[in-house]
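Inspection log for the structure reproduced underneath, given as structure tokens.
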Amino acid sequence: MERKLVTIQKIKEVKTHPNADSLDLATVLGWQVVVKRGEFKPGDLCVFFEVDSVLPEHPVFEFMRNKYFRVRTVRFRKELSQGLAMPLNIVNEIVGDRIVGAMAYMEGMDLTKLLGVKKHEVPIPLGSDAKGPFPHFIPKTDEIRVQTIASDIFNEIEGKQLYVSVKMDGTSGTFYSTAVDSSTPDESGFGVCSRNLEIKDGDNPYWRVARKYNLEKVLPLGFAIQGEVCGPGIQKNPMKLTEYDLFVFNVYDYVNRKYLGYDEFVAFVNKLGLKRVPCITDQFVFDRNRHSLNYLLEMAKGKYDGTTNDREGIVIRPVVEAYSDVLKGRLSFKVLNNDYLEKEQ
């Protein structure tokens, strides 16, 4: 499911901020957002900007200039705020009447492109030029955050056996192998990719780990592995690694267009002598009578092994691969550690 950074959403709840006379606490989807006192009431529609939205330089957003127009996880008077909720009339102020006049605001409407909002991406030094776009026959990696889908996704995971893995803090890498006599010659051979691009061979983190594990030789034809490339100079290296390493979280069979289920995934990675992202448990069965959004947020907390650094969070998937009607794709989502998010700022 492609992440929608800006959508029309309903205000579910409004509470008085306990430590500020001019602020309220609003609930949007599964997020708590600090808003101006009296600006919203339950049932109102708002324009909701998710964390990591980068706003355009427009007078409407001038108050965000000192934050470089990036929406972050912050605290206002000790209360957590994750996202930005603004009144509907800002859409008119930004794009004018040329489009808005004929629009009917609907809950869930995606306004990301209309408002010119981009996703914050941490630049990773490649050390070489990009070779081309990310291969179209392999899905990109971008898990949606649980707060955006909690009320619906909980129905889908109820009673399912799930595995919970640590979200390593690095940069996503994809490595694939195709037959030389492929029916699509431009897609033949061995390829190395960042999150959004295919990368030329060179002295960069992606190719270093590819050579470290001899992936060009050992990776079976027709498969792609995806993992977190971690190490010095990447996302502050909270695992305190002394060299680049790869932690695999996906194996994708792109001939049959499917991800390997958990047991097959583990066997595949072990056979190639690779490292997996650490698994917290593969025996978690979700029960709405016992588990909640707050339960998952607490589960996401913790430290990277051997360090005092907060881990980024966790990723939750079913042991048996499943399609999600909510996500319109693979059933998989992430739960980020709020302790990590606050310190990241």
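Values in this text are rule-based calculations from the coordinates and carry no lab data. Keep in mind that this is a model prediction, so the values were computed, not measured. Here the Cβ positions follow ideal geometry from the backbone for every residue, glycine too, while neighbour counts run over all protein chains shown.
Does anyone have the angle between helix 146-157 and the longest principal axis of the chain? Alpha-carbon axes, 0 to 90°, nearest 10? Once rounded, the angle reads 70 degrees. Ranking of ARG3, ARG330, ARG317 by neighbouring Cβ atoms within 10 Å, starting from the fewest: ARG3, ARG330, ARG317. The sum of -39500 (n - 2.57) across all DSSP H runs of n ≥ 4, divided by the residue count of the chain, sets its helix-only mean residue ellipticity at 222 nm to -4500 deg cm²/dmol. Relative contact order of the chain, taken over Cα pairs closer than 8 Å and 6 or more residues apart, is 17 percent. Note on LYS240 and ARG37: the model spin-label points, each 7 Å out from Cα along the C-beta direction, lie 4.6 nm apart. In the chain, the longest principal axis of the Cα atoms and the axis of helix 262-271 are about 40 degrees apart. Taking 0.36 nm per residue of separation and subtracting the current Cα-Cα distance, fully stretching the chain between LEU293 and GLU321 would add 7.9 nm.
Counting only DSSP beta bridges with both residues in the range 183-341, the antiparallel share comes to about 90 percent. Applying 1/(1 + (r/R0)^6) with r as the Cβ-Cβ distance of LYS140 and LEU80 and R0 = 41 angstrom yields a FRET efficiency of 0.90.
Measuring nothing but how far apart in sequence close Cα pairs (under 8 Å, 6+ apart) lie, relative to its length, the range 6-119 scores a relative contact order of 31 percent.
Note on THR307 and ASN19: the extension gain reaches 100.3 nm, defined as 0.36 nm multiplied by sequence separation minus the Cα-Cα distance.
Subtracting the Cα-Cα distance of HIS120 and ASP44 from their residue separation scaled by 0.36 nm leaves 24.6 nm. Exposure proxy ranking for TYR295, TYR176, based on other Cβ atoms within 10 angstrom of each Cβ and starting from the fewest, stands as TYR295, TYR176.
Considering only Cα atoms, the convex hull volume of the range 130-344 works out to 127 Å³ per residue. When DSSP beta bridges are restricted to pairs lying wholly in the range 197-290, around 85% turn out antiparallel. Using Cα positions and a limit of under 22 Å, work out the lysines in reach of LYS258, with same-chain residues fewer than 8 apart set aside. Within the straight-line limit of under 22 Å, LYS258 reaches these lysines: LYS140, LYS160, LYS167, LYS271, LYS275, LYS328, LYS334.
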